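Here is the structure we will look at, set down as structure tokens.
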Amino acid sequence: MPEFFPWWVVVTHFLNLFFLLLLARSGLEVLSAFPKLYWHDDCPPGREWLRLSKKMYGADARKPWTSLDEEEAWSPVVALPGKRNLGLGRHWHFMSVQFWILTGVVYLVLVFATGYWHYLVPTHWSIIPDSINSIGTYLHFRIPAKISGEPFEPAQKLAYFAVIFVLAPLQVLTGAAMSPSVLARFPWYGKIFHGKQGARSLHFLGLVAFGAFTILHVFMVLVHNVPREAAGIVLADQNANGAEVIIIGCAGLFLILIVHIVITWFSLRYRRRTQRLLGVVVNPFERIISKSFTSRERFRRRNISPYFRVNGYPPPGPDYERLAASGFSGYRLSIGGLVEHPMSLSLGELRRLGGQSQITKHNCIQGWTAVAEWGGVPLERIIALVGPQERARHIVFYALDDKGLTEGEGRYGFFYGTIPLHLARNPQSILALEMNGAPLPVEHGAPVRVRLETQLGFKMVKWVCAIEFVEDYKDIGMGQGGWREDQQFYANAAGI
Ligand SMILES: Nc1nc2c(c(=O)[nH]1)N[C@H]1C(S)=C(S)[C@@H](COP(=O)(O)O)O[C@H]1N2
Ligand SMILES: [Mo]
């Protein structure tokens, strides 16, 4: 039998605590961007089962609102980094999760290689009545006996088993079930968790379960036998000197606290640098997913959501109003840049290019979803028509909405977005002219918007007026590859 507290348990236990806290705080930042939980992917306003916000918006609100208005600013004490920084929160989350999973894999390999699993994995159903007995003993303010020859009593063993072999894998699986690329490529996978909103709700309940476990776990260690158990998990030696255990244990916790304070401060103070630094670890991972998964969504008409949120206010001002009033008869889409045949197309010419329609689920980066039917011209066809030059790598979509006028808050400039050429070649990448069988409504991007079904919503530029093929997007806007990337520090790759 292996020893009770080998050094590798001490190390992985500490790393687990470290990364779990990062995951919890950055996860709360992500939640703050859409602090509502649903069980259904239609996300009807007002029908959430949990709302962590006082703001209320109805489907029939008289005053127009967009989903960004639903965001909450949470304190940096609970969220990483707090203060409405969804892009950076996601970066922290996806950076931490890679190291958390790595820690978990190393731990599991050692657990099975050393035989330690005997202490954690129940091999007989008697663990259940035995655990109930243990809990009864606790309720009589006594400490239940350990399983003979093992370090834990039955309820403890069962709890550790559930956390390591059920809760942790479930968090990873529900996390993956929120990626638009995964959902678009494997629609059946999302269904296991009752869709993206089911996965979101379960992922949140998983966080609550981790929190409850942590509190109980610390309490139990205190109740059991502080010096011995603490000595084991801090110094891998149950007979270690008590003062030493307290000093080193507190130093470990203090280190975690300091790291959290420093990275929170840094993230809020140097947002662009944080976006870039974390991007080094996160972006390659996102790019691989965006590159290898193509959409295979095919929802039914009856799946179409009765209510589809709007994100981004329509272009203000008389020019767009006049255009809309004329049924966009004066509209022209100019396509240029690094192409053999630059051109400018009217709405009628675009329609004549031929259509494709698809019923798909929209995934806003904030967390809401909705299903709609989109009809329009495959981007592939546009590419074939204009003939990109050898050097062209990205496509830029310029929009008509000046965000300085529609949202303000210190942000400025016309909305735009870029995508790598390969994304435009995906089968469900289209320039949509229709939504649910009718011309695009103004608020959803009339007369032309982008649809890319493996990506988050912010990549799908609405009110498109021009398309440019470029080698690099560094010289456009602030150089991050899109208006939200520039101004809200979102990642340019949006497959997760
Ligand atoms: N021009 C423009 N396009 C935009 C936006 C915007 O603000 N302006 N918001 C994006 C975001 S974040 C999302 S989620 C989707 C929302 O599309 P919808 O309003 O049709 O639901 O549009 C995207 N395209
Ligand atoms: Mo979004």
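The values are calculated or read from the model by the stated rules, or taken from the named source; none is laboratory data. What you are looking at is a predicted structure, and each value in this text was computed from that prediction instead of being measured. We place every Cβ from the backbone using ideal geometry, glycine too, and count neighbours over all the protein chains shown.
Could you figure out which of (1) over 30 Å from residue 204 (Cα atoms); (2) within 16 Å of ligand 1 (Cβ to nearest atom); (3) hydroxyl-bearing (Ser, Thr, Tyr) isn't true of residue 346?
Going through the list (1) over 30 Å from residue 204 (Cα atoms); (2) within 16 Å of ligand 1 (Cβ to nearest atom); (3) hydroxyl-bearing (Ser, Thr, Tyr), residue 346 breaks only (2).
In the list 375, 413, 355, which residue meets the criterion of being touching a residue at least 60 places away in the same chain (Cβ under 8 Å), surrounded by fewer than 22 Cβ atoms within 10 Å (Cβ to Cβ) and touching a Ser or Thr at 6+ places or on another chain (Cβ under 7 Å)?
Exactly one of 375, 413, 355 is touching a residue at least 60 places away in the same chain (Cβ under 8 Å), surrounded by fewer than 22 Cβ atoms within 10 Å (Cβ to Cβ) and touching a Ser or Thr at 6+ places or on another chain (Cβ under 7 Å), namely 375.
I'm trying to understand the selection: among the residues of region 311-340, which are more than 16 Å from ligand 1 (Cβ to nearest atom), surrounded by 15 or more Cβ atoms within 10 Å (Cβ to Cβ), aliphatic (A, V, I, L, M) and not in a loop (DSSP other than H, G, I, E, B)?
335, 339
Here are some residues: 141, 112. Which one is surrounded by fewer than 15 Cβ atoms within 10 Å (Cβ to Cβ) and either outside any helix (DSSP H, G or I) or modelled with pLDDT under 95 (or both)?
Only one candidate passes the filter, namely 141.
Taking region 453-486 as the region of interest, how many residues are away from ligand 2 (no atom under 13 Å from the Cβ) and either in contact (Cβ under 8 Å) with a residue 40 or more places away in the chain or within 24 Å of the chain's Cα centre (by Cα) (or both)?
Number satisfying all stated conditions: 20.
Suppose we filter region 101-131 for residues that are touching a residue at least 60 places away in the same chain (Cβ under 8 Å) and under 18 Å from residue 172 (Cα atoms); how many remain?
5
Give region 55-91 a look and list any residue that's in contact with a helix residue (DSSP H, G or I) (Cβ under 8 Å, 6 or more places away or on another chain), more than 12 Å from residue 267 (Cα to Cα) and more than 16 Å from ligand 2 (Cβ to nearest atom), or say none.
55, 64, 73, 74, 78
Give region 388-404 a look and list any residue that's more than 12 Å from ligand 1 (Cβ to nearest atom) and in contact (Cβ under 8 Å) with a residue 40 or more places away in the chain, or say none.
Correct list: 388, 389, 391, 392, 393, 394, 395, 396.
Per-residue answers, yes or no, for (1) within 17 Å of the chain's Cα centre (by Cα); (2) assigned by TED's automatic domain parsing to the domain that holds residue 261; (3) closer than 22 Å to residue 312 by Cα; (4) within 16 Å of ligand 1 (Cβ to nearest atom):
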residue	(1), (2), (3), (4)
20	yes, yes, no, no
24	yes, yes, no, no
43	yes, no, yes, yes
50	no, no, no, no
57	no, no, yes, yes
62	no, no, yes, no
66	no, no, yes, yes
78	no, yes, no, no
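From 320, 313, which residue is within 16 Å of ligand 2 (Cβ to nearest atom), within 30 Å of residue 367 (Cα to Cα) and of a type in the set (Phe, Trp, Tyr)?
Step by step, each of 320, 313 is checked, and only 313 is within 16 Å of ligand 2 (Cβ to nearest atom), within 30 Å of residue 367 (Cα to Cα) and of a type in the set (Phe, Trp, Tyr).
Identify, please: which residue in region 254-266 is within 14 Å of residue 78 (Cα to Cα) and not aromatic (Phe, Trp, Tyr) and is, among those, surrounded by the most Cβ atoms within 10 Å (Cβ to Cβ)?
First, pick out the residues of region 254-266 that are within 14 Å of residue 78 (Cα to Cα): 257, 260-261, 263-265.
Then keep just the ones that are not aromatic (Phe, Trp, Tyr); that gives 257, 260-261, 263-264.
On the way: 257: 11, 260: 17, 261: 11, 263: 17, 264: 19.
Only one residue tops the list, namely 264.
Suppose we filter region 427-447 for residues that are buried (at least 20 other Cβ atoms within 10 Å of the Cβ) and modelled with pLDDT under 95; how many remain?
Number of matching residues: 0.
Restricting to region 247-305, what's the tally of residues that are modelled with pLDDT of 95 or more, closer than 30 Å to residue 44 by Cβ and of a type in the set (Gly, Ala, Ser)?
1
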